[in-house]
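Below is one structure; the comments refer to it alone.
The values are calculated or read from the model by the stated rules, or taken from the named source; none is laboratory data. Since this is a predicted model, take the numbers as computed values, not measurements. Because the Cβ atoms are built from the backbone with ideal geometry, glycine has one as well, and the counts that use them run over all protein chains shown. Keep in mind that these areas ignore ligands, DNA and RNA; they rest on the heavy atoms of the full protein, side chains included. Shrake-Rupley method; radii C 1.70, N 1.55, O 1.52, S 1.80 Å.
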Amino acid sequence: PHPNLLVGGAVGQGKSNLLLGIIYGLAARYSPDELEFHLLDFKRGLEFKRFAPDAEGRNWLPHVKVLSLESNQAFGVAVLRHVDDEMERRSRLFKAAGANSLNAYRALTSEPLPRVVLVIDEFHALFEGDDHLVEAAVDLMAKLAKQGRAYGIHLLLASQTTSGVRGLAVKGDSIFAQFPLRLSLKNTPQESQAILSEGNKAAAT
């Protein structure tokens, strides 16, 4: 019932630790056949580096299919496009199997098609800078947020700021409407309302 999660919080309030807890918790509960992660870190890999192979090429998180430790806007848009392509592929699979959901597809085919969770830390970086890339990011994010759930694709977006992001001025409300689950750590009154709801300043206190 709650396909996507939006997380906010000021610098130093534990937002990245929260994301790690969610990722580890899901990985402990579900096998790589059931769940895969696409991780984008716009903080230069400070937190998500632990999911990559160590110096000996061992101890990576097997659920992780995409791991970007030095994300830039162009690569981020490429990952969104990749996930969109996967959604289109699943659409064709579901139609061929006569399924209208991931659970139905699994039941009809016995195929272990995993859920996909796209986690983007400091996602606002996708919507600032090159206008062409911003436009592509907005369109892809809107499509994934609205249609992804039916195909087992989910978004977890985290940022210290969502208010005043230029690229989200037009479609921001329609994108965030697809995020019924909101969580904000300590933040300013303005950001608290941007993450939670208009008039909700609870995260500031």
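By the gyration tensor of its Cα atoms, with a ≥ b ≥ c the square roots of the eigenvalues, what is the shape of the stretch 1-81: rounded for a/c under 1.5, prolate for a/b over b/c, or oblate?
Rounded, since a/c falls under 1.5.
Go ahead and estimate [θ] at 222 nm for the chain from helices alone: -39,500 (n - 2.57) per DSSP H run with n ≥ 4, summed, over the residue count, rounded to 500.
Counting only the DSSP helices, I get -12000 deg cm²/dmol.
Please find, in a Gaussian network model of the chain (springs between Cα atoms separated by less than 10 Å), the residue of His154, His63, His132 whose mean-square fluctuation is greatest.
His132
Just grab the label-to-label distance for Phe75 and Asp54, each label 7 Å out from Cα along the Cβ direction, in nm (one decimal).
Each label point is offset 7 Å from its Cα along the Cβ direction, giving 2.3 nm.
Hydropathy first: keep DSSP H helices in the chain averaging at least 0.5 on Kyte-Doolittle, then drop any whose Cα extent along the axis falls short of 15 Å, and list what survives.
Counting only whole DSSP H runs, the qualifying helices are 15-29.
Considering only protein heavy atoms and a probe of 1.4 Å, how much of the accessible area of the chain is carbon and sulfur, as a whole percent?
Accessible surface attributable to carbon and sulfur in the chain totals 51 percent.
Who wins for biggest fluctuation among Asp121, Asp33, Asp54 in a Gaussian network model of the chain, springs between alpha carbons below 10 Å?
Between Asp121, Asp33, Asp54, it is Asp54 that shows the largest mean-square fluctuation.
So how strong a dipole does the stretch 1-156 carry about its Cα centre when Lys and Arg Cβ are +1 and Asp and Glu Cβ are -1, to the nearest 20 debye?
600
Rounded, prolate or oblate: which one fits the stretch 1-149, using the alpha carbon gyration tensor with axes a ≥ b ≥ c (rounded when a/c is under 1.5, else prolate when a/b beats b/c, else oblate)?
oblate
Once you place label points 7 Å from the Cα toward the Cβ at Ser197 and Val11, how far apart are they in nm?
3.2
Between Pro53, Pro114, Pro32, which gets the highest mean-square fluctuation from a Gaussian network model of the chain, Cα cutoff 10 Å?
Fluctuation is largest for Pro53.
Under 8 Å for C-alpha pairs, at least 6 residues apart: give me the relative contact order for the chain, rounded to a whole percent.
Once divided by the residue count of the chain, the mean separation gives 31 percent.
Can you tell me the relative contact order of the stretch 39-121? Whole percent, Cα pairs under 8 Å, sequence separation 6 or more.
34
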